[in-house]
């Protein structure tokens, strides 16, 4: 059991959705918290909303697409409190379109943000974590990281890639006492579908029906913190149907394939 209290936590994608809910949840605990996202004004808003809690909170604007700046940002994050105990990789973007309509530029953008930017932060924090023999990488992937659905080809691919990377990180650095937790949310009621990219790169600008009926971001955040403190390797934070889909895919892949074709996913 690893309590988050008294830890230094760096949270990306903290300006909205699951990230904002996590910031509010973590702020109620005695810890040090670094909030990152692209929009400084939104980070300041979240920081203010968290100000009645127990946490010592700092903000660090960050854009995962600015690859050349990520090493510097990791160094700045470590300098704020001297080290990072837990990195929560939550920043990302989704996609909503058929493969035939999705440009290669959108595919690359999804991979740049969701995969390359995310793993870069982990890589830049690794040396200090190895030296300290202490560290925890928490990465928000998705149910589609193991069970993808139509209209999410690039999104699912980027989440599958995260599983491949972090499974290896866990294996290679077990001896260094470095932990890895993969969080797989299902439908969570956030603005992710509004911001999801269509095949031409423009945002969808509407709420998916399934997303609108999803779990609250607050409940999701509470379950994520519980999974971190329990040192879970993977945590499925989703409804019964989404969890059933994972087990169907694992044990009856042909049946899962047939079921996925019939899903209403937008």
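Coordinate-derived values only; no laboratory data. From a predicted model like this one, the values you see are computed outputs, not experimental measurements. Glycine gets a Cβ as well: all are built from the backbone with ideal geometry, and neighbour counts include every protein chain shown.
General observations
- 0 to 90° range, to nearest 10: angle between helix 217-229 axis and the chain longest Cα axis: 60
- Here the sum of -39500 (n - 2.57) over DSSP H runs of 4 or more residues, divided by the residues of the chain, equals -13000 deg cm²/dmol at 222 nm, to the nearest 500.
- Cα gyration tensor shape of segment 1-155, rounded if a/c is under 1.5, else prolate or oblate by comparing a/b with b/c: prolate
- The chain: angle of helix 70-81 to the longest principal axis, Cα-based, in degrees nearest 10: 50
- Helix 240-251 axis, angle to the chain major axis (alpha carbon atoms, nearest 10°): 80
- Peptide packing: for 210-223, 38-51, the average count of neighbouring Cβ atoms within 10 Å per residue gives the ranking 210-223, 38-51, highest mean first.
- Residue order, fewest to most surrounding Cβ atoms within 10 angstrom, among 15, 103, 68, 36: 68, 103, 15, 36
- Packing, taken as the mean count of other beta carbons within 10 Å per residue, orders the peptides 237-243, 138-144, 23-29 from highest to lowest as 138-144, 23-29, 237-243.
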